[in-house]
Amino acid sequence: MSASPSRLPREDEPSRQVRRAAQRRAVRELRQRQAARGLAPRATTTIANGTSAWETVAEEREARQDAIDEQVTIYRAVLPQLLARLVHIPDPRHAKTVRHTATALLLYGMLTFVFQMASRREANRQMTMPMFRAHLQLLFPEVETLPHHDTLNRLLSVIEVDQIETAMTAVVARFLRQKKFTRHQIADRYPIAIDGTQKLVRNTCWDGQCLERQVSSTAADGTVTKRPQYYVYVLEATLAFANGLTIPLMSEFLSYTEGDPVRNKQDCELKAFTRLTARLKARFPRLPILVLLDGLYANGPVMARCRHYHWQFMIVLQNGSLPSVWEEVAGLKSLQPHHQLDRTWGDRTQHFWWVNAIDYAYGEHERHHQTVHVVICEEHWDTVDSATAAIVVQRSRHAWLSSAPLTREAVHERCNLGARHRWGIESHFLVEKKHGYEYEHCFSQNWQAMKGYHFLMRLGHLLNILASHTTRLAQLVGRLGVRGLIRFLRDTCSGPWLDPAHILALRALPCGQIRLE
């Protein structure tokens, strides 16, 4: 059977080698240009492309034991407070029929996501293997026996699952009190990115809380029809630091009951923002916060709410948003000629200019007013075109609304280190959806249990984030990658690598401090 002809133009091996050699020369030339201009190429996150760093079984065993030791240190620093919170969640099950305590079940559910089990069935198969089970019980003596995941599902459907998130925020609050993240502050504030994302979608309404939308479908004869589609949408709040460290904080589920059925209006992201920020303020009433938001939130009520809570903000300002503000920017730019700055950042050459003290009127008859400040970043950088191997110039433009006036000293910190790193929450979504945490998987078709699994997933992700950013495990992350590190730890627990006496001795030592990068 002959192969199907390719739609791509055929390229012989000599031509391919010539093209790749031209690309390598262009990359070298680009690096020389950047060095001559004092520009630093952007750091890449590509993991090492080499053979194993360990030559003997003894070296590998020592490396695996050291990695588990560091992981145990993280867990021993976090779990006591976490379990002390979880134990207070009321358990409505009949005491005489309970085989597994609620705390042990919730810990087991969290470990399901720590070791990145793709589904309840995979967790049932893998985590109950004799070797894995023995090591799990050695590392976590609270898990006396391993339950079936259906047992956890039934528990999550009857308990107050929101208290799982409360326990997670208590862990984060402790790290904030210990000033673990102080050096990552922006303008002496903690940057919190808030954004929404779709969790899962179905063609049938599996729960009355699901949101509904109409989607078009085209039949074979070309007829276009519309059908309902049901989905779950979540608004997330995450600490997003400039070094790439992201810490999950809170989740707000959009639901049908939060809408207005009388006016045929569903729950929306802006309504959820009001609920989420109220909870965030109640949990961290004195925390200095810099809110990072996308263009959806560029409106007066959002800005007024942030200022009411004494929060600062950096909000993306799109070209078509707030026409009156853009008119003021155009009119006042010539009156503030010194409000500009040229600088380099990495491999980019940037030109900032800004306009302070713009009066923005909104609401009925424009009775409400907000003073905002607008900053625009126009930048360009050189890159190698993959098709022609030529060095070309890329350009981009960004604009933000700032709650505080811009100055030459503050613009880099607020824009480059703060506002631009709102993408940290987007990367966070990508990791949870595509890199092992199964954000979009429906672990349960019970709404309450589905939320419970979501909070356990965020909690498991938090533990992995803390572990991968410790000083010792960061070296392994550079060699294996984050997913490679988790797979490395999972394989270690699955095989005969660990020394039980060493683990017991480690557990008996006083708990040390977590040292993050």
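The values are calculated or read from the model by the stated rules, or taken from the named source; none is laboratory data. In this text, all values refer to a predicted model and were calculated from it rather than measured experimentally. Neighbour counts are summed over all protein chains in view; Cβ atoms, including those assigned to glycine, are modelled from backbone coordinates with ideal geometry. With ligands, DNA and RNA removed, areas are computed over all heavy atoms of the protein, side chains included. Shrake-Rupley method; radii C 1.70, N 1.55, O 1.52, S 1.80 Å.
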Across the range 34-70, what is the total count of residues that are in a helix (DSSP H, G or I) and touching a strand residue (DSSP E or B) at 6+ places or on another chain (Cβ under 9 Å)? 2
Residues that are touching a strand residue (DSSP E or B) at 6+ places or on another chain (Cβ under 8 Å) and not small (Gly, Ala, Ser): find the helices (runs of 4 or more DSSP H) completely inside the range 399-517 holding 3 or more of those. 423-434, 447-468
Which residues, taken from the range 251-273, are of a type outside the set (A, V, I, L, M) and either open to solvent by less than 10 Å² (accessible area, probe 1.4 Å) or in a loop (DSSP other than H, G, I, E, B) (or both)? SER251, SER255, GLY259, PRO261, ARG263, ASN264, GLN266, ASP267, CYS268, PHE273
If I ask for residues that are in contact (Cβ under 8 Å) with a residue 24 or more places away in the chain and open to solvent by 50 Å² or more (accessible area, probe 1.4 Å), which ones from the range 81-103 would you list? ARG85, HIS88, PRO90, ASP91, PRO92, ARG93, ARG99
When you check GLU327 against the structure, is it touching a residue at least 40 places away in the same chain (Cβ under 8 Å), open to solvent by 50 Å² or more (accessible area, probe 1.4 Å) and part of a helix (DSSP H, G or I), yes or no? no
Please state which of the following conditions GLN116 fails to meet, knowing it meets all the rest: (1) open to solvent by less than 60 Å² (accessible area, probe 1.4 Å); (2) within 19 Å of TRP497 (Cβ to Cβ); (3) assigned to a helix (DSSP H, G or I). (3)
Within the range 414-432, can one find any residue that is open to solvent by less than 70 Å² (accessible area, probe 1.4 Å) and touching a helix residue (DSSP H, G or I) at 6+ places or on another chain (Cβ under 7 Å)? yes
For the range 349-359, indicate whether the set of residues that are open to solvent by 70 Å² or more (accessible area, probe 1.4 Å), touching an Asp or Glu at 6+ places or on another chain (Cβ under 9 Å), touching a residue at least 24 places away in the same chain (Cβ under 8 Å) and not in a helix (DSSP H, G or I) is non-empty. yes
Residue within the range 279-297 that is open to solvent by 10 Å² or more (accessible area, probe 1.4 Å), within 30 Å of GLU378 (Cβ to Cβ) and more than 23 Å from the chain's Cα centre (by Cα) present: no
